[in-house]
1. Residue under question is Ala166, and the condition is that it be loosely packed, with under 11 Cβ neighbours inside 10 Å, assigned to a loop (DSSP other than H, G, I, E, B), on the phi < 0 side of the Ramachandran plot and in the same structural domain as Ile215 (by TED's automatic domain parsing); does it hold?
2. What do you reckon, is Ala90 touching a residue at least 40 places away in the same chain (Cβ under 8 Å), hydrophobic (A, V, I, L, M, F, W, C) and out of contact with any Cys (no Cβ under 9 Å at 6 or more places or on another chain)?
3. Among Pro128, Pro133, which is the only one that is of a type outside the set (Ser, Thr, Tyr) and free of Cβ contacts under 8 Å to residues at least 60 places away in the same chain?
4. Quick one: which of Leu310, Leu269, Leu280, Leu251 is at pLDDT 90 or above and either out of contact with any Asp or Glu (no Cβ under 7 Å at 6 or more places or on another chain) or of a type in the set (Val, Ile, Thr) (or both)?
5. Taking the residues in region 319-338 that are under 30 Å from Glu48 (Cβ atoms) and surrounded by 15 or more Cβ atoms within 10 Å (Cβ to Cβ) as candidates, determine which candidate is modelled with the highest pLDDT.
6. Quick check: is even one residue across region 79-89 in a helix (DSSP H, G or I), touching a helix residue (DSSP H, G or I) at 6+ places or on another chain (Cβ under 7 Å) and not assigned by TED's automatic domain parsing to the domain that holds Leu304?
Amino acid sequence: MRTSAQPVEIQPADFHSEARFINRELSWLAFNERVLAEADNIRHPLLERLRFLSISANNLDEFYMVRVAGLKGQHIAGITTRSQDGLTPAQQLEAIQQRAGKLMADQQVAWMGLRRQLDEAGFAVIEPADFEPGDRAWLEGRFMADVFPVLTPLAIDPAHPFPFVANRGFGLVLELERIADGTRLQALILIPPAVDRFIRLPGERIRFLPIEQMIALFLDHLFPGFAVVAQGVFRVLRDSEVEIEEEAEDLVRLYESALKRRRRGHVILLAVDSTMPADLRRFLMERLDAAPADVFAGGEILGLNDTEQLIIDERPGLVFTPYHARFPERIRDFGGDCFAAIRQKDIIVHHPYESFAATTERFITPFSSLKIRSRTIFPLSHSMSSGVSASSMASSTSIPPWIAPLTTPATLTFAPETR
């Protein structure tokens, strides 16, 4: 039998070609897109899908605060060294801006879809237009009792400069007009992170109101004698990359200072809601020293990582069925004493299928009260095994009798249990 197949010349592989590599930052964004895709997976319960959305948003925050911040630092420093895939820091930032912008827009689309489905399931995130009789009066009482005391309204003028907005800072920006003489000024309300992002309203039906909308209802309490001309919600991410010198003399002090700098790093991303007027947006950009490329505008809710606060236990049908780990039978045979079971024979524990509390945690906890000089963990031949050396304890330590057999130079192992 004849065929028309023709021999094909195989080109030699170019092991130095940039096309062989995938950019690390774009690969990470692709991973987070797959996390977000789980929020659209109809096989998951609704609140678990919301959890994936929250995880995706939190991941993206960390990505901006560390990876994008590092690239921006290189770009500002004039570094043009190319990555293995052939991109300079400036080119990587441009590619990230396009990919991450789409990802943030997709997160907002996912949120709006989940919000509609949750509402149909009797779990609503509402707006003031959805209030029932008595809701506003109840919210005002809650606002005056719990929220008003922790807010600091800030008027921005020559005598009151723009305040520092911390990393992940979140708040309202306002344009106000004094009723008495028509004088206009800008103002800020920074919302403390300790305040709940979503306020639950009373009633049989589960209903939540975002905290920024609650505050917007009662601005007259914060700025008496002023009328609100325009307003918007904003959120700030700052450079949180930490560089540590391995040869530092005092690592504790070095970490303390580095963590303080994280809070006050350069603005990496300024997110504003889609209804914010252009004048207020420019005002924020100028005062926060944010470039147009650093601004994301759009969406119903900023800081979607806070939606994890909506995941409650009252609707078990909207979350995964809890998994209860199995108590290892070998340890049960010794009355729950994992050390007695280990003395007789090595054990392998499969987490999360078998109880962590009855095994690994039970083993580690007693050592927290001892003066341990070193604790060595190293791999064994079995891929799911681990060993713990507990032989390097201070001689001055009084060792409980049940730990004494474990302090010999012998290696302690948790090994797979055959069934």
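1. Numbers: loosely packed, with under 11 Cβ neighbours inside 10 Å: no; assigned to a loop (DSSP other than H, G, I, E, B): yes; on the phi < 0 side of the Ramachandran plot: yes; in the same structural domain as Ile215 (by TED's automatic domain parsing): yes.
No: the conditions fail for Ala166.
2. Values: touching a residue at least 40 places away in the same chain (Cβ under 8 Å): no; hydrophobic (A, V, I, L, M, F, W, C): yes; out of contact with any Cys (no Cβ under 9 Å at 6 or more places or on another chain): yes.
For Ala90, the condition - touching a residue at least 40 places away in the same chain (Cβ under 8 Å), hydrophobic (A, V, I, L, M, F, W, C) and out of contact with any Cys (no Cβ under 9 Å at 6 or more places or on another chain) - is not met.
3. Values: Pro128 fails: free of Cβ contacts under 8 Å to residues at least 60 places away in the same chain.
Sole residue among the options that is of a type outside the set (Ser, Thr, Tyr) and free of Cβ contacts under 8 Å to residues at least 60 places away in the same chain: Pro133.
4. Working: Leu269 fails: either out of contact with any Asp or Glu (no Cβ under 7 Å at 6 or more places or on another chain) or of a type in the set (Val, Ile, Thr) (or both); Leu280 fails: either out of contact with any Asp or Glu (no Cβ under 7 Å at 6 or more places or on another chain) or of a type in the set (Val, Ile, Thr) (or both); Leu251 fails: at pLDDT 90 or above.
Just one listed residue meets the conditions, Leu310.
5. Within region 319-338, the first condition is being under 30 Å from Glu48 (Cβ atoms), and the residues that meet it are 319-328.
Still in the running and surrounded by 15 or more Cβ atoms within 10 Å (Cβ to Cβ): 319, 325, 328.
On the way: Val319: 90, Ala325: 82, Pro328: 82.
The qualifying residue modelled with the highest pLDDT is Val319.
6. Filtering region 79-89 down to residues in a helix (DSSP H, G or I) leaves 89.
Remaining after also requiring touching a helix residue (DSSP H, G or I) at 6+ places or on another chain (Cβ under 7 Å): 89.
Within this subset, residues satisfying the condition of being not assigned by TED's automatic domain parsing to the domain that holds Leu304 are 89.
For region 79-89, residues in a helix (DSSP H, G or I), touching a helix residue (DSSP H, G or I) at 6+ places or on another chain (Cβ under 7 Å) and not assigned by TED's automatic domain parsing to the domain that holds Leu304: present.
Yes or no, residue by residue, for (1) in contact (Cβ under 8 Å) with a residue 40 or more places away in the chain; (2) within 30 Å of Arg207 (Cα to Cα); (3) not aliphatic (A, V, I, L, M):
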| site | (1), (2), (3) |
| --- | --- |
| Val66 | yes, no, no |
| Asp85 | yes, no, yes |
| Ala95 | yes, no, no |
| Gln98 | no, no, yes |
| Met112 | yes, yes, no |
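To keep it simple, each residue is scored yes or no on (1) at pLDDT 65 or above; (2) acidic (Asp, Glu); (3) assigned to a helix (DSSP H, G or I).
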{"residue": "Ala340", "(1), (2), (3)": "yes, no, yes"}
{"residue": "Arg343", "(1), (2), (3)": "yes, no, yes"}
{"residue": "Pro352", "(1), (2), (3)": "yes, no, no"}
{"residue": "Ala357", "(1), (2), (3)": "yes, no, no"}
{"residue": "Phe363", "(1), (2), (3)": "no, no, yes"}
{"residue": "Pro366", "(1), (2), (3)": "no, no, yes"}
{"residue": "Ser374", "(1), (2), (3)": "no, no, no"}
{"residue": "Phe378", "(1), (2), (3)": "no, no, no"}
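The values are calculated or read from the model by the stated rules, or taken from the named source; none is laboratory data. Here the structure is a predicted model, which means the values were calculated and not measured. So basically every Cβ, Gly included, is an ideal-geometry build from the backbone, and we count neighbours across all protein chains shown.
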